Structures are given as structure tokens and as C-alpha cells.
Amino acid sequence: MAGTGKSSIALTVAASLNDGKPFANKSQLAHGTFLGASFFFKRGDALRNRTGNIFTTIARSLVETVPELERHIVSAIRGNMNIGTKAPQQQFDHLIVGPLLALGEELFTPMRLIVVIDALDECESQPEAEELIAILGRLNSLHHVQLRVLITSRQENHILRAVEGLPSGICYLMALEKIPQKREADEHIDDITSYLQHEMLRISRQRSFPSDWLKEGMLDRLVKKTDGLFIYAATACRFLDTDFFDDESRDGRLDAIFGDETEAGAPQHTVDGIYRKVLMFLVAGRLEKEKQRIFTLLREILGCIVMLYEPTSLPTLRQYLPHITSRQLDTVLSQLHSVLNVPKDKDAPIGLVHLSFADFLLSQERCSDKFWVDKSLVHCHLLNRCITIMDQELHQDMCDLEQPGFLAHDVPESKIEEFLPRHLQYSCRYWKDHLIQLSGSQSQNDLLQDDGKVHRFLLRNLLFWLETLSLMKEIGTAVLSILDIVNLVDVKKTPDLFALVEDAERFIVSSRWIIGHAPLQAYCSALIFSPMKSIVREQFLTSAPSWITRWPTVKDQWGTERVSIHGLSNPYTLVSFCPTGNLIATTSGDRISLWDAVTGTERFRFDDAWNGRIFPNLVFSPDGNMIAYVVKIKLGLVPCDYGIRVRELATGKVVDLDTGNWAPIDTELGPFIAISPGNTNLLASYTFHGLDFYLQLWNARTGHVIQKTKLDVGPSVGEGGPAIRESEPSFLSWLIQERMPFPGPLSFSPDGKTLAIMCNFKSLLIWDVEKGFVQKNIILSHEGYPESSWRPALTFSASGKTLALAIATNHVNFTNQQPPMTHLYTVSLPSLEDHSALETIDKLSALALSPLDDNMIAYGTTRNTVVVYNTATKQVVSETQTHEAVSGLVFSQDASRLWVVLQNNPSVKLEVWEMVSIRKRQVNPHFFPHPDPITRTKFLAQVDWPGSSTVRIGDSPLGAIIQRWDTQSGVLTTQEVLEEQLKFRFRKWEISPNGAIICAVNRDKTICLFNIQTMTTILRYDDSIYTEEIVFSPDSKLVAIASSSKVHVLDTTTLRKAEFENWPWMYYNRPKFSLSGGLFRLLENDSGKVSLVEIQTSNIIATVDTTGTNHGVSSSLNSRLCFHPKGHMVSAYICGALFVWETSTGKERFRFNNHGKKIRNCYGIAMSQDRIAMTWAPDYRTSCVTVWDYTTGEEIWCFFLEDTAYFRPDRIFWSEDNEHLECEWGRLPYPFTASTNVNAPNTRPNDAKYCLRVEGEWIIQGYERIIWLPQAYMVTSVALKDRTLTLGHEFGEVSFWEFDLAASPRFKRRKRAHT
């Protein structure tokens, strides 16, 4: 019941625990008991009306109470930097339970921490409140450090239901009713009387009132008026607790309380009475006209305080009431201390004393029109003020960051507070919510007109709003807001506004990740890569960087992408789509991540190191509230066991199912599992032990086995029960059986009564769940043995009348070179007739049945295509090409849309395809028309091609490909697959330095020289060597084809061939031509000696003894040789040192040590006239470039490049002017004087502004990120000339960029600093 003192009890307990005082006079706190934290829910306060902030708040308070917890909580946060966006149960596990368990292991004496949670009924989400109670029910796992929780709440049904669901003995309930008044014969004083006596005495002393200021009997009358409600007593006391001008004004307040107004009936009427008296006192003795003006002021001021979504300070409140003077506002608030908390600190938030006051103001029945707050009018006023504030204060680069790649998490909080005042943050966060509250009103219709206020705001401020939300770390708000606005706009009535918000939705969804990480990329990457005809792009072109003078060519219209997931740290093995459509699951090693399918944020993360790793076998329950997955337990070299882990997402409850499963070590799938749609507690698993296969039915919530049945996997399985194997299997049958990478998949029918199981590769069992036996055994008609690299698929239609099965097979005849075949079957229920619907050479990666047409099937293939197929007509309805792997397909309930999950490490994205237009979907015409990427590419700048052209040569799935791009227009003019021209397949190829010749080795060991410009074959001959390296001389006149046994040297002009036997040593590296045509190579024998050898003369130039070192083979032979520009010196990295020898004599000239730095690999060396540079890697993800001075031997520059697993600078070289250090990814920011301190930003050289390169997903200028590149534009090659940057992308696309680097933010900032 409201007003009975629940919050007062919570406050008293929290205050007593905090001060270490007893709750009452006779009860002492137990030893080791402390206040851990408190959290007070409050409806209308966005920070306290949901459970999203409760555990982060508790964790912070726990650290203040127990400082020893800090390092454990900090460690948990570092292990999961996005924990603040995770679901509450994830925060509970990582921030509360884990650190407390760790602390318990360190303490000698037990500790009990009390957490106080008040007003749980004010949590606006009932499911969240229920989940919170369920999560807290797991506190019994804490022992040495105990956590006890006091919760106060009204008796709401959903809360009582959640409490009743907790295990017995862990929760105690106490009901608070109205406090009974003291009877005359009862000497005991009730709580309200005691409270009023205490408060009246306190007021009398603090205000210096005379002792008889309360006349005889007044206290008893006041007790009676409270009607047992604590809120009435508290409000009356606050009403009287003020400084009075004279005794008459004091008595006036007493008269207002004890006036003639009756307050009989329900407790609500009693509380309403005191509220009316408090408000009417403000107009006592005023003229009628003045009263009406004060009533208006009250409605406006109290309306804002009540309807704002979070508590606001006085300065912020003034921003939303600009027409009310500061004096008027201060005067009104000073008279409302009995119902409002108005702090002395003006920056502290103003709040309601009790939520019932808001209920009173918002009910026209409970308070008269004098005080009634019309929610619609207040929301309209607040919305208009929010838009006005944003119109006036939003602009580009809100925090004066200047640097386009400045990351949001690096922006200091001081800058946020300085440049983003609270009223602006509130407006950006909640303007959409005020708009939604006007649903159906005329005000909303007026605001949502073409050229209306919302339309004009978005046209002017959309990007500024996105940047601001990014700085606030709330970019997810933009996604949800724009989706809500799209649903509000009527396309027929307001077509212009609808077109804008629909385009804005696509813009925000596609660029959410990068804007959220780097706010100013809203004007760079987000605009640059949006479609040409995007309204947002056209509207904000003037906000784009003027120093980017040429943008890459992009598509005209938006594609079907809806959400992208970025930031996966490792390549993952599985993507699963939740049946409810709100979550996407990815697995990687021992990590499972669940992502919001709307915003792309990570909602759950589970690091499950159950002695092994997670397997690619994860299923959602039909309601999306539970997941089950397979874990493989590693036992060294012995066979591996499998287990099943079940997780409830809301509570975090974990149940482990021990299947007793055993499998050979090379088995890669583990048991198959399924959760029943009819009963989400029912889980089925199909596992095997040796050659025995078992079907197990489990209670997923308890882990108990309901049924375990041994299934025979022989060629015949009887109906009505498990069959007995008729005879011992033949050798071929046994071989096929042993090669099977499964027991096969299984699937429940929609009603949960039937379970389909694929077993023995050719048998499909239909299992009756209720009766527990085989209803039908369907023998499949395909031949061959299972294709072990692909998982079969099995699924029911939504109607339950059709079952679809797909399986890939290889031929039994192992000499047959035909590719594997995929067989797609459909089974009609209940007749159980089987149909062989389709055979294809494509492997299926996803399978879905239409919920409205059981004959309509969609499947994804490993060729990156999505096929819609009609099984009745056996016709392909549509075939759509994608650039990414298809990992999931789900039809919408009305079958009008197809949700497609695509993955391309390290990103996942969700696309929504309209079925009516699926035939029209096309791939970007600039992309290479094959789904697989062009992996190794090279730009040719030296060739004098006709016209203004850029030539790109690269590997593709079809072979070596030559593209010619028009540099001016950015259009692909010609494209040739070289191997189609030559009618054979390359195994290895290389391009000459002058870009004129390709030397290629065919798979049948044929060697070919090919003229790129004329597209003709120069030379072709057969050879038996297995070519391992192809190397051209610097002048392109010689080419060496090297194997382990010999080396061919071809003269590309005369076509003469010389053959040299290789040295019989164990290890060797890539050969290298000197300027004079000598071919050199590092060789290492089994005794650990590394020698530099000239191949043509067999001369040993120099030798280094590597015995006794831990370098040797891996470090020496990964090193490329490098010659001095004059040719008189050669260098190589050996055994932790960089050696430089004279080419003619082999005399050691220099030896540069890396000062003890750990070097995993040396990748490249570059020599200039007076300096030598080396690129090396200390670990897998980091690369480093070090430069030494010849004359002094000192290290003059060391530059680390992070996250270079895919963008390692393997080859480095000096520019023609000998001043710039370049690599295959662009120009490095090498300093020009040895005294330059590159670690101090203000002393970095100005000329670094001319250094452009690609590093990971970024285009870098000098040391600073400037442009982020989306996944579709992943770079495979770079060419830099003057101010033009040419990038080659994975799927054949080439983008051309031009920059005015002197006008870039870096140059302007440095120029301003110098002036």
C-alpha cells in the first residue's frame, strides 16, 4: 500500500547500517555487518526506472564500502570493457558474484553486506523486475562474504509471483498495512504518533516556536487525520517545517491542515487532501486573478518536474521554462518543500518526496482543474523546448576534437561536462520519447508534417545529434529513436518526411558502429560510404571534410543490410539466429556472444572454459529465453568427451548435462541438440559412445534425464521401437560409419510431439515423443559417404506438415574426382512420404522453410548464394549472390521477408530481404562478379598504359585477374582472367618490377612468361621441379624460379635459361637479385650455421654460427635479403641482429642489435644511402619498424603498429627522394631528424601530414586516424602517388581518393600551435 512507510524503513535501515548504528534501541548490528549499497527505484527517472543500472551502481558502492574489492571489480571490467551495456544477469555475475567470491578467498573472517533496494514496484518493466528477483535468488552461492538484500515494494502481482518462484527458505516476506492508531486503553504508542511527537518537538526547537504552539489535542487530531498513512504524516510535518513571518502565518498553516475539508473514504483520498492543502496555501488570501496566474505557474512548473524523464537541477529546469522568471521559479519552489526535495546545491536534482504526488497531479479526478497536469500538453511543451535547444546549441565538432579519428572513449569527461550541458544531453536523449507520448494527438500530427518542426530539425541537425549521442556513449539511442519515428510517420500524408526518416534509419544502422566509436566519422566515413542518392548524404555534403577532394565511387541506393556487428576479437565458428528475431549468437573458441539484432550491441557474453571449448552447435529455445550448446572437454591425446550446457538468459542460471558421450579425437561436431517448442523445459540430445547411439530427453531446467534410449544405426531400424542390428556390418559399411562426423541433427515439430532424427547417414527416424518409440524409419536414397567438412541441416516447417533435410555426400569410389553432392529432401507429415527434392554440387550453409507455403524453401550455399526453391515444381524461384558467407536464414511470420545473417570475419551483419523484390537484388556492379575475394593484389604504376588508367593484378578464385580502371572516372574498363586466356591454372605467380611481365607456374609444373600489356605468352615450357619461389631482378631482365633442389634463371629478353643446383642444406629463404644480376640466398645447415651464398658462383659470402641461440631457422630464413641502392652492401637479419656485409668480399660492415627486444619474425629490410630500416613483429597482432643510422649505429626511430594481423608491413622501401619510408600499405610517418621525439605529439614533424597509409580499418595521416573503412571496403592493396591514394578491396573493387593534405585538421592544428 502506498504511504505506509516502506521507503522510510529502507532509508532508516540504510542510514543505520552506513553509520554503524542499531535499527532500534535494543537491537545491535551483528559483527562484520555493513551497508553494501542501496538503490532506490523511481518511476519517471530514466536512470532509476529500469534494472539496467542497478548492478553497476551496487558494484561502485561495494568498492566504497570494501576497498579490497576494487582490484577484483577492475579486473572484471578490463576483461569485459562493454559490461555496462550487458544484460543485468551478466553484470551481476561479473561485477558482484565473481569479485565477492574472489574476496572471500582472501578474508579470514566472514563478512555480511546488506543491499537495500527500495520501491521495486516503480520499475517500469515488469519482466525486468521479475528477472531481478530471480537473479538475486542466486545469492545463496556466496558463503564467506554474504550478500543480503532488503527489498521494499507495493504488493504487485508480478512481484509476488516472482518471489513465490524462488527456492524455499531464501526469502522472507513482511506485509506493511496502515499503522493502527493507539486505543485509549492501550499504553503502547503507535509508530505514527511517535513519529509526529518527535518531528513536532524537532520543529519547535529548530524554528524557536513557543512550547504551546500546538494547542491541546492538535497532535491527536493530526494522528487521526493520517488515517494510518505515514506519507500523510511526513507531508504534514514538511508543510509545517518552515520559517514563518509571524505567528499568524504559522497558525494559517495549522488551520489549512485542520480545515473543514473532509477526507473520508479510501487512503488515496486522505493523501489527496494533504496535497490539496499544501498547494492551496500558495494562493491563500490572493485575488482571484492572481490565483489563476499562480495556478498556471504551478501546473507548468510541477508538470515539467513530473514529466521529465530524469531528475533535473534548477538551472536545467529553467531551460525548459524560459518564460518563467528566476524569481517566480524560486518563489514557487520555496513554498513546495513539503512535496518536493529542493536541494540547496543548485546543480543537484529536484525530486518528488513521494511518487503519490505525481499520481495526484496527473489524475484529473483526484485533483481539480486548478492543479491537474495535462500530460499531452506538457509533453508537447517539452518536445518543442528540446528541439529548440538542439537547434540553438548543436553544431559540428561539439567538443572541439578536430581530429576525425578521435575515439569517443578517449574524450575526457571534463570536455563532456564543458561542452555538453545537462539540458542539451537531456534533449538529445529524450526528445523522441516526448514525441511518442503525443501518439494520436493533433500536436503530434502537426509536428510530423512535411516541412514541420521534426522534419526541419532532422534536415539541419541529424549528424550533429548523432555526434552528440556518440560523445554521450549513447549511440544506441539513435537507432531505437529513428526506428520509433519511422513507425510514427504516415508515408501517404507526409512522403517527404517519411523518405527522410527512412533514409536516416538506413544511414544510422549502417554507420552506428563507427559513429559510436569515433564521433567525427559521422562527417567522414559515414557520409563517404553512404549511397549517392542518400538524402542524408546530399543534405550534409557541406559538413564533409573539404580536404578530401575526391571520394570513392559508391552505389546509388541502400542495400538490404539492417544491422552490423563489429568488434569480434577472434574468427568465430558459428552464427545462430534467435527464433524471436531479437538476438544473434556468435561463438569463438570458448566465448559465446549474444548481440541485439536491432542495435548491434553485445547483450550477453559467456566465457565458458569448461576444460575445453565451445562447439559449433548452439540452439535457442523457441521463446528466446534460453540457449543450449555443446562443450568439448579436452583430455590431452585421449578421446574427448562432450557435455551440454543450458543457460537461462534472464537469470544466468546454468545447468550442465553430462551426456557420457565419447568420440574419436578428430570428431568435429559433438552431439546434436534441440529444444522443444511445445515445452521449453524439454531438451533432446543425440549422442554416441563407440558405435552405440543414444537419444536422451532432459529436463533442461533441472538437468534430470527423462528418457534415455539406445538407437541402432544398422541399415534397418524397425518401427514401433528401437531395432536390433541383423548382422555384423561389412567393412565398407563400417568405414562409412567411422567416417561419419555425427550422430546426425535432430529437430522437434512445432507442437513438440514429434522428433525427427537423422542417423546412420541414410536413415531418418520419426520419433513419437509422448509414446517414446520410432514411428517411422525413412531410408534415404543417396549413395556415397558423408562429407565431413559440412554439417547436415534438418528443420520442420511452421505448420509442422513438412520436414526438410539437407546432407552432403562424397562418392564411395575414392578415385572419383566428382565434387561432393548435396541432397535436399522433404517429408510430408503425417503421411511420412519422402521426396528427393533437389541434388546440387553446392554445400548448404543455412536452411529455412516458409511459414505459409510448405513447398517454399530458402537455403544458403557455401558459394555465398541464397536460393529460394519450390519443392513441388522443383524450380528455382530466385538465386541471389552475396559477398559474405550465408550463416543463417529465417522467414518472417507472414513470409513477406527473409532475414539473412551474413558473416565475413571479423564482422557479422543482418539483412532483411523483401520476398517480392528478391529477384531484383543485384550485386554492386563495381565488384568482381564472383563471391570469393581477390586476395593478393598489386597496383602497377610503372607501366605506360594508354590513357589515364590504373592497372590491378590479383589472385581470384578463378585465377590471376587483370583489371584496368579509368583513374578519372573510377570505372572498371576491362577485366581479364589470365588463366582463362592460357587455358590452365596457376599455382604461383609473380609480377616483374616494371609491371610488364607475369611469371607463373601451373599446377602441372608448366612455367610461363606472359606480357601483361599485349596479353600474349612470351615463353612456356615444362619442368619437373616443384617451384617454391619466383623472383625478378630489379631491372626485370632476369627471373629466378627456385625449388628445394635447383634454381632456373631466365633472361626475359633473350629467353635463355640457366640452371643451378641448390646447395644440399636443410633450410633456405627467398632468393634475391643484386643490382648486377647476382642471385643470393640465405642457407642454413643442420649444424646451425647460416650462410649467405651467391647461387650462380656457389660462393659463400658470409657465415654466422647460430648454435647456442634460440633464433636460427625461424628468424633467419623469414628474413628477406636487401641490397644497398649502390649495390655494394647486402643485409639480412640473423639471430637477433641485423647484419650488413660487403657484397664483393663478404666483410661484415655493420651489426645492429635490437636492444633485447623480443622479435617473433623479421619481415622486411630497406637500405638507403645512410640509414637501414627493418620491419619485425614482437607478437601476432603487432608490427614494428626500426631505423638505424649507418655512421653511428644508433637506433633513431622505432614505430609500433597495432592490430596488424592482416595489415602487416611485410615489405618496406625508401622513397625515390630517400626521405620517406614506405611499405605496401602506404607511407610511414618517419621523422626527418634524429633528434625528433616521436612519443611527444607536439614535437612530431610537420611533414608527417604527407604520410598516408592504411592500418587495419583506418586510413592514417601521419600518426592520426582520418577515415574508417567499412567491412565491404576491406583493403587488400594500396598505391600512393602524390596526393592520390588508390585502394584495392576484397571483392574486386578499386577506390580512388585525393587529399589536400595541407588543409587537413592535423596541418591546421599544428599551424595554429606554431602561431
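The values are calculated or read from the model by the stated rules, or taken from the named source; none is laboratory data. What you see is a predicted model; the values in this text were computed from it and never measured. Because the Cβ atoms are built from the backbone with ideal geometry, glycine has one as well, and the counts that use them run over all protein chains shown. Please note that ligands, DNA and RNA were not included when accessible areas were found on the heavy atoms of the full protein model with its side chains. Shrake-Rupley method; radii C 1.70, N 1.55, O 1.52, S 1.80 Å.
The HN-Hα couplings worked out from phi for segment 1252-1265 by the Karplus form 6.51 cos²θ - 1.76 cosθ + 1.60 (θ = phi - 60°) are 10, 7, 10, 9, x, 9, 10, 8, 10, 10, x, 10, 10, 6 Hz, whole numbers, x standing for Gly and Pro. With K and R counted +1 and D and E -1, the other residues having a Cβ less than 12 Å from that of Ala129 yield a net charge of -3.
Lys771: which aspartates and glutamates have alpha carbons under 14 Å from its alpha carbon, excluding same-chain residues fewer than 8 sequence positions away? Partners found: Glu719.
The string of couplings for segment 405-412 from the Karplus curve (6.51, -1.76, 1.60, θ = phi - 60°) is x, 4, 7, 4, 6, 8, 6, x Hz, one whole number per residue in order, with x for Gly and Pro.
First measure r as the distance between the Cβ atoms of Asp19 and Tyr1263, then evaluate 1/(1 + (r/R0)^6) with R0 = 45 Å and state the FRET efficiency to the nearest 0.05. The computed FRET efficiency comes out at 0.25. Between Gln328 and Glu1298, the C-beta separation translates, for a Förster distance of 56 Å, into a calculated FRET efficiency of about 0.45. Calculated FRET efficiency, Glu164 to Asn681, Cβ-Cβ distance, R0 = 22 Å: about 0.75 to the nearest 0.05.
Each residue, Phe108 and Glu1195, gets one label point 7 Å from its Cα in the Cβ direction; the gap between the two is 4.7 nm. The chymotrypsin sites (Phe, Trp or Tyr not before Pro) found in segment 44-119 that occupy coil by DSSP, while having at most 15 further C-beta atoms within 10 Å, are Phe108. A cut-off of 5 Å between modelled amide H atoms, ignoring neighbours fewer than 5 places along the same chain, links Phe986 with Ala960. Per the Debye formula on identical point scatterers at the alpha carbon atoms of segment 386-459, with no solvent, log10 I(q)/I(0) at q = 0.15 Å⁻¹ is -0.64. With both labels modelled 7 Å from their Cα along Cα-to-Cβ, the Ser1098 to Ser831 distance reads 8.2 nm. Once backbone amide H atoms are built at 1.01 Å from N, Ser845 has Gly860, Thr861, Thr862 as its partners under 5 Å, excluding neighbours fewer than 5 places away on the same chain.
For Lys346 and Asp853 in the same chain, what is the full-extension length gain: residue separation times 0.36 nm, less their Cα-Cα distance, in nm?
Answer, rounded to one decimal: 176.1 nm.
Past the 23 Å Cα-Cα mark, which pairs from Lys1089/Lys1147; Lys988/Lys1046; Lys289/Lys375; Lys42/Lys432?
Lys289/Lys375
Taking amide H as placed 1.01 Å from N in the peptide plane, Asn617 has its amide H under 5 Å from the amide H of Val630, each at least 5 places away in sequence or on another chain. Peptides 480-487, 644-651, ordered by how many other C-beta atoms sit within 10 Å of their residues on average, highest first, read 644-651, 480-487. Atom-type composition of the exposed protein surface of segment 371-461 places 46 percent of the accessible area on carbon and sulfur (1.4 angstrom probe). Neighbours of Lys1057, meaning other residues whose beta-carbon lies under 14 angstrom from its beta-carbon, give a summed charge of 0 when Lys and Arg score +1 and Asp and Glu score -1.
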